[in-house]
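Heads up, the thing below is written out as structure tokens.
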Amino acid sequence: MKTNLFLTFFYKDNVKEVYGKMSKVRKVDNYDYKEIEQAVQEYWEINNIPQKLTTFRRGLKKYYLLDGPPYINAEPHVGHVKTTVCKDVWTKYKFMRGFDAHLQAGFDCHGLPIEVIVQKELGITNKKDIEKMGIEKFEQKCLEKILNNEKKWIEYYKKIGAWRGYYEPYFTYKKSYIESAWWTLKTMHEKGILNEGENPNYWCPTCETVLSGYEVSDSYKNILDPSIYIKFRIKGKQNEYLLVWTTTPWTLPANVAIIVAPKEDYVRVRVIQGDLTEYYIIAEKRLEEVLKKQANMDYEIQEKIKGSDLDGLEYEPIIKCNIQDKTKNIRRVRLSIPVLASKQYKKHATESNESFTDFVNVADGTGLVHCAPGHGLTDYYMGIHYNLPALSPVNEEGKFNEDVEQFQGRQVKEADKDIISLLESEGKVLLFNKETHPYPLCWRCKTPLIFRMTKQWYLNIDTIKDKMIRYSENADWNPAFGREAMRNWIQDAGDWCISRQRYWATPIPIWKCGKCSQITVIGSFEELIKKTIEPVGDLQDLHRHNIDELTINCEQCGGQSKRIKDVFDVWFDSGIAAWASLGYPFENKELFEKMQTLDMICESQDQIRGWYYHLIFTYAALFDKPAFKSASLMGWVVDEKGLKMSKSVGNVISASDAIEKIGSDALRLYYCSEIAPYDVQKFSIKAATDAHKTLLILWNSVNFCKTYRKTKKQLNTDEVLELITGTKNTDDDWIISRLQTTILEVDKAVEKFEFHIAGRTISNFIVNDVSRTYIKLIRDTIQEDENVSLILNYVLTESLKLLAPFTPFTTEYLYQELLEEESEEPKSIHTIFYPEVNAKLKKEKLEKTYENSLKIVEAMNNLRQKFKLRNRWPLEYVKINSKEEYDEELIKKLANVDEVVKESKFTEAAMKTDEFTIEIPEKLSKTQLEKAFFREVVRAIQAQRKKAGYNVNQKIQVYSSKNKILEEMKDELSKEVNAEEITFVTSKKGSNQVTVELEDLNAEIGFE
Ligand SMILES: [Zn+2]
Ligand SMILES: [Zn+2]
């Protein structure tokens, strides 16, 4: 059955039938973020807001951000949260910017991790056991292990407010996904890039499969290996030897040549030990180090020989065994050529640090190198050059086969010590040490890998490599070092080995003829049904157990073709996610053709070698197109001390814990303000919790507006322009201009993946400009001046929109609070458009003047602190000498000062900065003290009013002790504290009592 789920999401209008179920988010009384987030999530879910998002932007410009599939059995932790948040910010932002953004989560369901878990549970250790129990049963167990595991992730996506949690995810194990994989391989085959090859590959003896590329480069460990100097006897000589150094004795049965450096000098030396006289050939540069220092031997140089003169010299097998006996044309000295050295990836590499080096160097060892092309890559290159056989007498379990009869059935690395004993007994060991060196391990089961020759299936990279580099270069990389790293990785990449010898994975759809070896690549389920000899029926599951036994007739010779047993590398699964997630080309053809090249991928930096690379490969091979236009690289999230989070250390913080402790919006805002998304972040619960400060200030600002505004009316930008044109209120002009600057900066930052700058810019605007400055300036006028209400409504709504992609819950809630109207259709801040800059509203000079004035106010507050003068006590004057312009009225209002004086002479009490010098009086004068006393009285009554639960409009009766100052300012006091009447009494009266003292002034006040 084919579903058109995603087409439904994109094209079918299902808005009306569900609208109107819940017109507003349920009310939350205080800033209780858990309550808010829960209420908003309910609102979204009841009204299907996230599911309907795409219908709002239907037909508009597409935005395809593909979700890199996390491994389905992984538990989301705070590192995942950061990636989820960034991806979600991208989509939410693009939605609000008018793009038709694609939303879909996905899960990586196949591969060794699941198999290893299942094997462990079943108590089986090798492939024989699996085959004995039956592949079907084993696959069934693997399937059971992953079913429903996505639920935790989906729940988490919803909790963190990510839209993708509301859409049908893709799973790499499903039939439609596997069919897409088959189609992909068939198409690649038709393009001529699929081939079978026999090469030495890394092999895990425990998992019994080849491993390659990223799977190997990612997991190294220092292990202790033997380091031996051994003697290869020269053919036809009784006591003359070639000295060779090796750390892998187990590869000696597969030796086919000894390589020397043609331009180096070698020597033939005579050593006498007791009654034994022997002759050794060794590089001159290594003579002293090896023979004198390490072996403590005396020697006599007999002859000096150029490396090139050793060419062709024959020698005896170091280990006599079947394979050495039966292989012709081996065991000669050959000359070294330059070969590709092993590659090392550097995160911030500015240039490729891999180069060709000579196979032999004389900096270590003996200058004579044992060559086993079946057990090493550089050896293999040498072997190709000299047409040497690649011997590999090792089976799938990493054990010697009958070709090495003495050690048959022995695990090769375990056989090392016995090989050394054998060589010692034959007098072939000159020196024996142990040495620690980095060695690759199986990324899944941690077994040391070995190199062995196997037949595998490859996708040829040669014909597409240039394109891959070009496409990657043309993409927008944030930060830019990703481009460099990607180029290095592609440059050095070999053919992609896509086959693995396992079970729980997408089967490779290649059928091979037993007679003529012709291959048939099956590209769809339909094709399979048509070509198989056996009836297939309507299979829903295309894993190995269902298709391994199906045969088809060879098109070339009519012989019987059977499926090769191999399955795909899991990177093939995720590498085709852009279309396989949609079931393309069998489903959603139109949709994928519309979306094609991805607009954005955003994953952690180590995925350069993983997902980013494989996407580039598949897109270039299949469509001749770049995979993505933009790539954003996420930095690691480590623990507070800077340590990598890991299960064994026990410092992993799960996503659910973090959300529970911090709340989703604060966590999101923390990730989008503390540090650049591409930098390493030391995760701190405390620092993340601090993000609530901004949200609380926003909450309070919206509530202030709701409480005091004269109108709920919302103006659009044009109406705001009309409103402020020609008025004298520069405060309004300023806040509107600051809003324009903020929008500009946020846009710029988001586009450059500088989410931390975007977050900080919006927070700064809300906290410093709107709350601490604008609201302070309009506090006294908002109740009378309708224009001020209109401006504040506008500024707060725009702020909420700016912040919506970052903190979707709080902004949704406050947006509806601010609108306050009951509407028939549920509204969402996420379906409206992001703020646009209007150049006419931007007043740079005014912003500059305000900026300077605000700095002066801040400096005055610092001086007040120094002189212990509270902010609410009025100052007599401030003396200013400033390079930049400032606004006197603004300073008076914000700094609570009566007079602003231009001055050039200052005393020692002044404060000097680069831009200005200011000075305020160190003590209050008598008049100022009285004013300050009055302010203290007002504040004390107001605080007590609030504490006693009086609302703003409630009138009170005030009783004060006799006080000249208060008696003089009786009317003003009444107004400030909203008193019906103030009576001066000689004894305490009123149920609420406060005492106010300031220097020698005091009053006892009661009210009710
Ligand atoms: Zn393994
Ligand atoms: Zn055939």
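The values are calculated or read from the model by the stated rules, or taken from the named source; none is laboratory data. Computed from a prediction, not measured in an experiment: that's the story for all the values here. Positions of Cβ are backbone-derived with ideal geometry, glycine not excepted, and every protein chain shown enters the neighbour counts.
If only one of Ser574, Ser524 is polar (S, T, N, Q), away from ligand 1 (no atom under 16 Å from the Cβ) and crowded, with 20+ Cβ neighbours inside 10 Å, which one is it?
Numbers: Ser524 fails: crowded, with 20+ Cβ neighbours inside 10 Å.
When all the criteria are applied, what remains is Ser574.
Only one of the numbered conditions (1) touching a Lys or Arg at 6+ places or on another chain (Cβ under 6 Å); (2) among the basic types (Lys, Arg); (3) without any contact (Cβ under 8 Å) to a residue 60 or more places away in the chain is not met by Lys946, and that is (1). The test for being without any contact (Cβ under 8 Å) to a residue 24 or more places away in the chain and outside the structural domain of Leu854 (by TED's automatic domain parsing) does not hold for Asp785. The set of residues in the range 91-134 being farther than 20 Å from Lys145 by Cα and either part of a loop (DSSP other than H, G, I, E, B) or aromatic (Phe, Trp, Tyr) (or both) consists of Tyr93, Phe95, Arg97, Gly98, Phe99, His102, Leu103, Gln104. The lone criterion from (1) in a strand (DSSP E or B); (2) within 30 Å of Asp887 (Cβ to Cβ) left unmet by Leu929 is number (1).
Evaluation of Glu215 against the conditions (1) more than 16 Å from ligand 2 (Cβ to nearest atom); (2) more than 27 Å from the chain's Cα centre (by Cα); (3) among the acidic types (Asp, Glu) shows that the sole unmet condition is (2). One residue stands out in the range 36-85 among those that are of a type in the set (Ser, Thr, Tyr) and not in a helix (DSSP H, G or I): the one that is farthest from Tyr813 (Cα to Cα), namely Tyr71. For the range 443-453, filtered to residues that are within 15 Å of ligand 1 (Cβ to nearest atom) and part of a strand (DSSP E or B), the residue that is farthest from Asn199 (Cα to Cα) is Pro448. Against the conditions (1) out of contact with any helix residue (DSSP H, G or I) (no Cβ under 7 Å at 6 or more places or on another chain); (2) modelled with pLDDT under 95, Trp183 satisfies every one except (2).
Looking only at the range 195-235, residues that are over 30 Å from Thr366 (Cα atoms), within 14 Å of ligand 1 (Cβ to nearest atom) and part of a strand (DSSP E or B) come to 4 in all. Residue count for the range 956-969 satisfying the condition of being surrounded by 12 or more Cβ atoms within 10 Å (Cβ to Cβ) and farther than 19 Å from Arg872 by Cα: 9. The one condition from (1) part of a loop (DSSP other than H, G, I, E, B); (2) on the phi < 0 side of the Ramachandran plot; (3) modelled with pLDDT of 90 or more that Gly409 does not meet is (2). For first residues located in the range 248-259 and farther than 22 Å from Leu335 by Cβ and not assigned by TED's automatic domain parsing to the domain that holds Lys320, partners that are β-branched (Val, Ile, Thr) and part of a helix (DSSP H, G or I) and lie 6+ apart or on another chain with Cβ distances below 8 Å do not occur.
Scanning the range 875-925 for residues that are within 14 Å of Asn852 (Cα to Cα), among the β-branched types (Val, Ile, Thr), in contact (Cβ under 8 Å) with a residue 40 or more places away in the chain and in a strand (DSSP E or B) yields one hit, Ile918. Among the numbered conditions (1) outside any strand (DSSP E or B); (2) outside the structural domain of Val878 (by TED's automatic domain parsing); (3) among the acidic types (Asp, Glu); (4) exposed (fewer than 15 other Cβ atoms within 10 Å of the Cβ), the only one that Glu980 does not meet is (1).
For the range 220-228, the criterion of being surrounded by 24 or more Cβ atoms within 10 Å (Cβ to Cβ) and farther than 24 Å from Gln119 by Cβ is met by at least one residue. Filtered by the rule that a residue be at pLDDT below 95 and in a helix (DSSP H, G or I), the range 581-640 gives Lys589, Glu590, Leu591, Phe592, Glu593, Lys594, Met595, Gln605, Asp606, Gln607, Ile608.
Which count do you get for residues in the range 545-563 that are more than 14 Å from Ile522 (Cβ to Cβ), in a loop (DSSP other than H, G, I, E, B) and within 10 Å of ligand 2 (Cβ to nearest atom)?
Taking the range 545-563 first, the residues more than 14 Å from Ile522 (Cβ to Cβ) are 545, 549, 556-560.
Retained after the next criterion (residues that are in a loop (DSSP other than H, G, I, E, B)): 549, 556-559.
Retained after the next criterion (residues that are within 10 Å of ligand 2 (Cβ to nearest atom)): 556-559.
Total meeting the criteria: 4.
The single condition among (1) under 30 Å from Ser882 (Cβ atoms); (2) free of Cβ contacts under 8 Å to residues at least 40 places away in the same chain; (3) in contact with an Asp or Glu (Cβ under 8 Å, 6 or more places away or on another chain) that Ile965 does not meet is (1).
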